[in-house]
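Written below as structure tokens is the structure these notes are about.
The values are calculated or read from the model by the stated rules, or taken from the named source; none is laboratory data. Remember, it's a predicted structure, so these values are computed and weren't measured experimentally. Don't worry about glycine lacking a Cβ; one is built from the backbone with ideal geometry, like all the others, and counts go over all protein chains shown. These area figures cover heavy atoms from the full protein model, side chains too; ligands, DNA and RNA do not enter into them. Shrake-Rupley method; radii C 1.70, N 1.55, O 1.52, S 1.80 Å.
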Amino acid sequence: MIRLGVFGNPIQHSLSPGIHRLFAEQRSDNIQYERYLTTPGQFRHRIAAFFRDGGAGANVTLPFKEHAAALCTQLTERARLAGAVNTLIPQELGGLIGDNTDGEGLVIDLKNKGYKVSGCSLVVYGAGGSARGILPILLQQRPACVHLVNRTVSKAERLKADLLALGVAEEKTITVCESAEFITTPVDLLINATSSSLTGQSLPLPPHLSDGACGYDLMYAPEATVFLRQLQAAGCQQCSDGFGMLVEQAASSYQRWMGGDRPTTASVIQQLSPGI
Ligand code: NDP
């Protein structure tokens, strides 16, 4: 039995155990994947105990992705770029490799859904762990510009500075603001990487959406999130929640732990999707 799991707070809502069970069935792998509720004070100790007791891999979710990066003895390039880790892999001689599969999961899901990033004007809300995970790979798709919006504007400014220092974008590609109300040019794609939808809070939208503008909320839920409802009301053509991203990032994690081919995702998305 191969022990895997996900650490977070809250964690009870996580659909990861069901997703990984379906991946394991595809390949007849014998796994046990559990949810672990933890606190900032216990996080380090719980992770150490999990791997000491034979854990073969773990996911980390809100709000511990940056804590997880600090625990690792080695980071993949994309985890280092993100400064946040969602996948922990034990090393043979002790220590942990930290990876971040969130950005890859988002970009694969956007592609599957036919959303365009290259040459487009993007709004990305948020400057936390998931924003750090998705922005480097989004910027690699060469959008025309990215408006980085966060209510704590200093965090968005720090994130922009980190992205520039890493060389993943030019100064003029990223603008930072406290509210999307201040964006004066039309926007093609709006991505919510805040946790506003967890508490059902709305976000100010930019005043101008281009024809055919699309929206994506990283949060997934049985019903359209407040953010997606706002976008639909504003005339967005296509809106999606983050369930596809969740499955895609999970497939990338699973492959890291177990080797072999990347699990097939379309059937898993169809079987487990809770929402729109
Ligand atoms: P973090 O706690 O690291 O960051 C939270 C961010 O949300 C911060 O930028 C914070 O702003 C902002 N925020 C929180 N509440 C509000 C609000 N009411 N209004 C405006 N901004 C707010 O969280 P993560 O980045 O890890 O996760 C964010 C969301 O993404 C969660 O809903 C999570 O479930 C989802 N997610 C989904 C994934 C998927 O696979 N589908 C993968 C990863 C995340 P401030 O800095 O001002 O506090």
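Amide H neighbours of I174 under 5 Å, counting only residues 5+ apart in sequence or on other chains, H built in-plane at 1.01 Å?
V146
How much length is gained on full extension from Q26 to T152, taking 0.36 nm per residue of separation minus their Cα-Cα distance?
Values: separation 126, 0.36 × 126 = 45.36 nm, distance 4.34 nm.
Value of the extension gain: 41.0 nm.
What is the distance in Å between the Cα centres of the range 98-135 and the range 142-175?
Cα centroid of the range 98-135 versus Cα centroid of the range 142-175: 14 Å apart.
Could you tell me the center-to-center distance, by alpha carbons, between the range 230-271 and the range 38-76 in angstrom?
Computed from Cα coordinates, the inter-centre distance equals 23 Å.
Could you state the angle between the C-alpha long axis of helix 43-52 and the longest principal axis of the C-alpha atoms of the chain, as a value from 0 to 90 degrees rounded to the nearest 10?
Helix 43-52 and the main axis of the chain meet at about 40 degrees.
Multiply the residue separation of L93 and Q42 by 0.36 nm, subtract the distance between their alpha-carbon atoms, and state the gained length in nm to one decimal.
Details: separation 51, 0.36 × 51 = 18.36 nm, distance 2.39 nm.
Fully extending the segment from L93 to Q42 adds 16.0 nm.
If you plug each phi of the range 80-91 into the Karplus form 6.51 cos²θ - 1.76 cosθ + 1.60 with θ = phi - 60°, what whole-Hz ³J(HN,Hα) values come out, in order, with x for Gly and Pro?
For the range 80-91, the Karplus-derived couplings read 5, 4, 7, x, 8, 10, 10, 9, 10, 10, x, 8 Hz, x marking Gly and Pro.
Can you list residues whose amide H is under 5 Å from G215's amide H, if they're 5+ apart or on another chain and H is modeled 1.01 Å from N?
L190, Q238, C239, S240
Which aspartates and glutamates have a Cα less than 20 Å from the Cα of K65, not counting those fewer than 8 places away in the same chain?
Cross-link targets: E34, E77, D99, D102, E104, E157, D162, D217, E248.
Scale the Cα Rg of the chain by the rule-of-thumb value 2.2 N^0.38 Å and send over the ratio, two decimals. Could the numbers behind the result be given before it?
Details: Rg = 18.2 Å, N = 276, 2.2 N^0.38 = 18.6 Å.
Dividing the Cα Rg of the chain by 2.2 N^0.38 Å gives 0.98.
What does the highest-first list of 190-198, 241-249, 92-100 look like by mean Cβ count within 10 Å? Write down the numbers at each step before the final one.
On the way: 190-198: 22.9, 241-249: 25.9, 92-100: 17.0.
Ranking, from highest mean packing down: 241-249, 190-198, 92-100.
Starting at the first residue of the range 114-127, write each ³J(HN,Hα) from the Karplus equation 6.51 cos²θ - 1.76 cosθ + 1.60 with θ = phi - 60°, in whole Hz, x for Gly and Pro.
After applying 6.51 cos²θ - 1.76 cosθ + 1.60, I find x, 7, 9, 10, 4, x, 9, 9, 10, 10, 10, 8, x, 9 Hz.
Can you list the residues, at least 5 places off or on another chain, whose amide H is less than 5 Å from the amide H of T87, using H built in the peptide plane?
Those lying under 5 Å, H to H, from T87 are V60, D99, T101.
Between E66 and K172, what length comes free when the chain is fully extended (0.36 nm per residue of separation minus the Cα-Cα distance, one decimal in nm)?
Numbers: separation 106, 0.36 × 106 = 38.16 nm, distance 2.70 nm.
Computed gain between E66 and K172 is 35.5 nm.
Provide the per residue accessible area, probe 1.4 Å, for the chain, rounded to a whole number of square angstrom.
45 Å²
Once both labels are modelled 7 Å past Cα along the beta-carbon direction, what's the Q271-F182 spacing in nm?
It works out to 4.8 nm between the two label points.
Could you give me the ³J(HN,Hα) list for the range 96-112, computed from phi with Karplus coefficients 6.51, -1.76, 1.60 and θ = phi - 60°, whole Hz, x at Gly and Pro?
Using θ = phi - 60°, the values come out as 10, 8, x, 10, 9, 9, 4, x, 4, x, 5, 5, 5, 5, 4, 5, 4 Hz.
Which of the peptides 31-37, 83-89 is most tightly packed, and how do the rest follow, going by the mean number of other Cβ atoms within 10 Å of each residue? Intermediate values should be presented prior to the final figure.
Numbers: 31-37: 17.7, 83-89: 25.4.
Put in order of decreasing packing, that is 83-89, 31-37.
Counting only protein heavy atoms and using a 1.4 Å probe, what share of the accessible area of the range 124-276 belongs to carbon plus sulfur, as a whole percent? Please list the in-between numbers first.
Details: 3220 of 6740 Å².
Heavy-atom surface of the range 124-276 belonging to carbon and sulfur, 1.4 Å probe: 48 percent.
Testing the spin-label approximation: label points 7 Å from Cα along Cα→Cβ at N112 and Q232. State their distance in nm.
Once both label points are built, they end up 2.1 nm from each other.
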